[in-house]
């Protein structure tokens with residue numbers, strides 16, 4: 001016996017019809033398939049059998065065939081094997097290995113092949129190699145020409161892509177500029193509408209009948225929604241143009257959250273929702289942009305109220321988390337599918353356009369929140385389950401405390 005080598009493979013002897021007569025060596029586990037007496041092609045995966053017929057035909061016609069990659073199913077696992085086949089007298093020798101190099105190396109460990117057969121095998125391989133050299137040279141030349149052509153096309157596409165990117169950037173800047181101007185110009189007349197609507201509610205509310213008061217309330221509600229939309233558009237245009245600036249100062253974040261919670265309790269009462277606020281700290285001074293953090297808290301609490309059902313609760317908690325501050329906003333509302341969580345912070349991509357009482361949104365709130373949080377070197381994420389509610393987490397570093 002030869003010394004055991006580190007090259008895995010097998011050697012089969014087949015008759016001229018491709019029926020396996022003997023297994024000379026097997027290091028891949030063919031024994032379990034009991035190959036003797038079976039056709040060689042029946043060892044292979046169904047998708048490889050047509051290729052196996054070509055392999056056997058080439059052995060008969062050329063005396064040798066090599067570098068055929070086909071699949072064998074071993075213990076329920078499909079394994080890719082590289083095959084080499086040689087015609088020896090009236091028999092076929094078929095070798096298989098993990099790669100073509102392994103298959104060739106494997107021939108050195110087959111004691112069953114006598115010197116004459118080994119020399120015949122080497123001669124056939126050399127003859128086939130010499131016959132293929134001119135074709136390989138032609139193939140290499142054609143391949144080089146093809147690579148050159150593709151490289152030139154790639155360079156042209158790169159130039160076109162660079163030009164298109166520049167045009168898109170210019171269009172994007174114009175879009176942001178137009179969005180900012182439009183939102184700014186709309187805000188002034190809207191403020192006038194809101195002022196007159198408030199004046200009518202205060203001065204003439206008692207003189208109006210129920211239907212007229214209902215019309216007036218809808219004007220006020222729609223005006224507030226439009227103002228919020230315009231403010232979001234202005235904020236988003238600043239973020240997109242890279243002009244969002246932070247005015248950091250020291251303040252008590254616990255006190256700020258209490259203020260925001262109190263401001264939202266009136267809205268919560270309309271849906272019979274209770275806002276519960278707890279803090280691990282009685283007082284916690286942080287350095288951040290006060291008004292932008294207020295905007296973040298307002299947005300997340302109003303979102304929780306918007307998607308919560310009546311007679312539910314919204315819980316806001318502040319606590320420490322490995323040296324950072326973690327703030328959570330938990331509701332018991334409609335919830336979000338897990339597949340939609342990644343879309344939450346994409347601008348204008350509203351997962352659910354209306355709240356539990358038909359409340360509307362701009363589709364920009366969470367995008368703005370994410371940008372503000374990340375501008376403070378923080379992170380925001382969400383967890384949710386349909387019909388069981390959602391939790392938004394803000395992780396803020398306290399390194400600037």
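The values are calculated or read from the model by the stated rules, or taken from the named source; none is laboratory data. Since the model is a prediction, treat every value here as computed from it, not as a measurement. So basically every Cβ, Gly included, is an ideal-geometry build from the backbone, and we count neighbours across all protein chains shown.
For the reader, a short list of remarks on this structure follows.
- When we screen 267, 285, 253 for residues that are surrounded by 13 or more Cβ atoms within 10 Å (Cβ to Cβ), more than 24 Å from residue 376 (Cα to Cα), in the same structural domain as residue 303 (by TED's automatic domain parsing) and in contact with a helix residue (DSSP H, G or I) (Cβ under 9 Å, 6 or more places away or on another chain), the only hit is 267.
- Residue check, residue 272 out of contact with any helix residue (DSSP H, G or I) (no Cβ under 9 Å at 6 or more places or on another chain) and modelled with pLDDT of 90 or more: yes
- Of all residues in region 362-381, those being assigned to a strand (DSSP E or B) and surrounded by fewer than 17 Cβ atoms within 10 Å (Cβ to Cβ) number 2.
- All of (1) crowded, with 19+ Cβ neighbours inside 10 Å; (2) at pLDDT 75 or above hold for residue 23 with one exception: (1).
- Candidates in region 385-401 are the residues that are under 30 Å from residue 222 (Cα atoms) and surrounded by 14 or more Cβ atoms within 10 Å (Cβ to Cβ); of these, the one that is modelled with the lowest pLDDT is 389.
- Each residue in region 304-331 was checked for being buried (at least 20 other Cβ atoms within 10 Å of the Cβ) and out of contact with any helix residue (DSSP H, G or I) (no Cβ under 7 Å at 6 or more places or on another chain), and 6 pass.
- Condition check for residue 57 on (1) out of contact with any strand residue (DSSP E or B) (no Cβ under 7 Å at 6 or more places or on another chain); (2) buried (at least 22 other Cβ atoms within 10 Å of the Cβ): one failure, at (2).
- Where a residue in region 244-269 is under 20 Å from residue 300 (Cα atoms) and its partner, wherever it lies, is in a loop (DSSP other than H, G, I, E, B), with Cβ under 6 Å and at least six apart: 252/283; 253/284; 254/281; 254/283; 254/284
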